[in-house]
Amino acid sequence: MGFELVHGVYVADTGDVHSAYSVDENGIYATFSADVFENAVSDLVAELCEPVFFFVETPCNADEEKQLRKSKNDPYHYNVYYLDNCTAPVAKAIMKRYGELLVNDGVSRFGFGSHENGEEIYCRNYQTVSVYGDSAKYSKVMDRLGISCEKDMLTLWDVLSDDNGGTCSTVEINGETVNDIVTNLESEGMYLADRVAEIGT
């Protein structure tokens, strides 16, 4: 079965990429096809110990970049927003309400973590996910989903090249973008925590 791209990601040829994960000393590194992405993240989030935090990283706007970038070679930047001290039901509700938008947006990044033990699920560019924590616990989630563990798994990053280009774009679903998530959750306590330089993966 082929690797399905989310709405905000385009790669000319996905090659042999398929949903899979690998394990290392930090936890799990995974790539998810669009057809399993949202459910996989929801199931991983359900394993986090309360209290839980939710975060989303959105690109800085043009005015902000004018202040941050001193030359054309400087990286672009992301605003990092946090919503702290969520219960497990609140984290589940966030995924139910915004999960489709979060996983389909190709430009923003998001995740959930545990204030209790520091474990974190970080959904990154080109449909990759880093899970920092107990690999045995999260491997069981992958097994339940039928996602195989592969030492030399491929991601979209591995097939990108000058001849096989890719793009990431912002999407709008039901009239909302990821920026609207931040606005909507401000009344619940979401706040701007940091501003970070863009990195490749």
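The values are calculated or read from the model by the stated rules, or taken from the named source; none is laboratory data. Please read these numbers as outputs of a predicted model, since none were measured by experiment. For neighbour counting, all protein chains shown are included, and Cβ atoms are generated from backbone atoms with ideal geometry for every residue, glycine included. Keep in mind that these areas ignore ligands, DNA and RNA; they rest on the heavy atoms of the full protein, side chains included. Shrake-Rupley method; radii C 1.70, N 1.55, O 1.52, S 1.80 Å.
Each helix, a run of at least 4 DSSP H residues, gives -39500 (n - 2.57); summed and divided by the residues of the chain, these come to -8500 deg cm²/dmol at 222 nm.
At 0.36 nm per residue, and after removing the present C-alpha to C-alpha distance, how many nm does the segment from Glu186 to Glu172 gain when stretched out fully? So the chain would gain 3.1 nm between Glu186 and Glu172. Could you tell me what % of all Cα pairs in the range 117-165 have separations over 13 Å? Of all Cα-Cα pairs in the range 117-165, 70 percent lie more than 13 Å apart.
A probe of 1.4 angstrom, applied to the heavy atoms of all protein chains, finds Glu186 with accessible area near 110 square angstrom.
With both bridge residues required to lie in the chain, what share of the DSSP beta bridges run antiparallel, to the nearest 5%? Taking every DSSP beta bridge within the chain, about 95 percent pair in antiparallel fashion. Using the Cα centre of the chain as the reference point, and only Cβ charges (+1 on K/R, -1 on D/E), how large is the resulting charge dipole? Debye, rounded to the nearest 20. Roughly 220 debye for the chain. The relative contact order of the chain, computed from alpha carbon pairs under 8 Å that lie at least 6 residues apart in sequence, is 34 percent. The order of Lys96, Lys66 by accessible area, most exposed first and with a 1.4 Å probe, is Lys96, Lys66. Using the average count of surrounding beta-carbon atoms within 10 Å as a protection proxy, the listed peptides 36-42, 159-165, 172-178 rank, highest first, as 36-42, 172-178, 159-165. Considering only the Cα atoms of the chain, their convex hull presents on average a projected area of 11.9 nm². Structural descriptor for the range 105-145: relative contact order 28 percent, calculated from alpha carbon pairs under 8 angstrom and at least 6 residues apart. Ordered from highest to lowest accessible area with the whole protein assembly present and a 1.4 Å probe, Cys123, Cys168 read as Cys168, Cys123.
Please identify which residues in the range 27-64 have an amide N closer than 20 Å to a label point set 7 Å out from the Cα of Glu116, following the Cα→Cβ vector. Zone members listed by number: 27-28, 41-55.
Using a cut-off of 28 Å between Cα atoms, the listed pairs Lys96/Lys137; Lys72/Lys96; Lys66/Lys96; Lys92/Lys137 include Lys72/Lys96; Lys66/Lys96 as exceeding that distance.
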